[in-house]
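For reference, the structure is listed below as structure tokens.
The values are calculated or read from the model by the stated rules, or taken from the named source; none is laboratory data. Remember, it's a predicted structure, so these values are computed and weren't measured experimentally. Glycine also receives a Cβ, built like all others from the backbone with ideal geometry; neighbour counts cover every protein chain displayed.
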Amino acid sequence: MGDANFVRRIRRDPVAIDRHFSLIVFDLDGTLVDSRRDLADAANQVLEENGGAPHSEEGIGRMVGDGAATLVARAFAAAGIPQPPHALSRFLEVYNGRLLHHTRPYAGIPTLIESLQPKVTLALLTNKPLEPTLAILDAFGWLGVFGARVVGGDGPFARKPDPAGLRALVHQAAASSGQTLMIGDSVVDWETAAAAGTPACIARYGFGPHAFPWNQLRPEDFAIDRPEDLLQCL
């Protein structure tokens, strides 16, 4: 998990940075919702259909963040079996059929969104395809929260860590990079923020912090251990 004392210092100590953000951009999986079990069950079903052994839920969680194609490739590679041509389409079929079996918002997220919505513009940037992204937002009553400010991994922009999607959301909201905060749980989200010139908030409760280079955080970046901690940092 990195140097915990270092991360706490980044999160709690006063920093001479304006954190009056006008736009907050969330990642989805591992940040707003815990979708790890549904992703793992879908990936493991496809593996087993092709003669592979299943991975642990935690193991699959560590493969998430770069889009469905990369997740499937990582799962097959880790299982030590060749990936068949239909594996990605089969994964998407299985996953879309069980999208909300176990996926739920992290504790504290609904309250956080309710607190933030009247104060700042909220947007979503994910490497997940747009259709399942919108289905998840709809299930939890968040379509109206994010509106048209949702960018998926199969849209007109390259997937994270390419900053194009984040820059488009900044432009759409008539914000500036310095007024924008990117919140995510992985190195990919942090790299996206850095490339777009926006501060980043790392959600340590999500899927990706195990691989995070904590000693490379910029002065404007910080981390949270719970969703509600964000309100103390703004």
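Inspect segment 175-186 for any residue being assigned by TED's automatic domain parsing to the domain that holds ILE109, at pLDDT below 90 and surrounded by fewer than 16 Cβ atoms within 10 Å (Cβ to Cβ) and give the result as yes or no.
Checked segment 175-186: no residue is assigned by TED's automatic domain parsing to the domain that holds ILE109, at pLDDT below 90 and surrounded by fewer than 16 Cβ atoms within 10 Å (Cβ to Cβ).
Could you list, in sequence order, the residues of segment 181-209 that are touching a Ser or Thr at 6+ places or on another chain (Cβ under 9 Å) and either more than 22 Å from GLY108 (Cβ to Cβ) or assigned to a helix (DSSP H, G or I) (or both)?
Correct list: ASP189, THR192, ALA193, ALA196, GLY197, THR198, PRO209.
Checking PHE157 against (1) touching a residue at least 24 places away in the same chain (Cβ under 8 Å); (2) assigned to a loop (DSSP other than H, G, I, E, B), which single condition isn't satisfied?
(1)
Go through (1) assigned to a helix (DSSP H, G or I); (2) touching a Leu at 6+ places or on another chain (Cβ under 8 Å); (3) closer than 30 Å to ILE60 by Cβ; (4) modelled with pLDDT of 95 or more for LEU230 and report which single condition fails.
Exception for LEU230: condition (4).
Among ALA200, ALA164, ALA193, which is the only one that is without any contact (Cβ under 8 Å) to a residue 60 or more places away in the chain, buried (at least 21 other Cβ atoms within 10 Å of the Cβ), in contact with a Phe, Trp or Tyr (Cβ under 8 Å, 6 or more places away or on another chain) and not assigned by TED's automatic domain parsing to the domain that holds ARG62?
ALA200
Residue-by-condition table, conditions (1) β-branched (Val, Ile, Thr); (2) within 28 Å of ASP225 (Cα to Cα); (3) under 16 Å from the mean Cα position of the chain (by Cα):
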site: ASP29; (1), (2), (3): no, yes, yes
site: ALA43; (1), (2), (3): no, yes, no
site: ASP66; (1), (2), (3): no, yes, yes
site: LEU88; (1), (2), (3): no, no, no
site: PRO105; (1), (2), (3): no, yes, yes
site: LYS119; (1), (2), (3): no, yes, no
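Select the helices (runs of 4 or more DSSP H) contained entirely in segment 60-153, then report the ones holding at least 3 residues which are assigned by TED's automatic domain parsing to the domain that holds TRP190, charged (D, E, K, R) and surrounded by 15 or more Cβ atoms within 10 Å (Cβ to Cβ).
none
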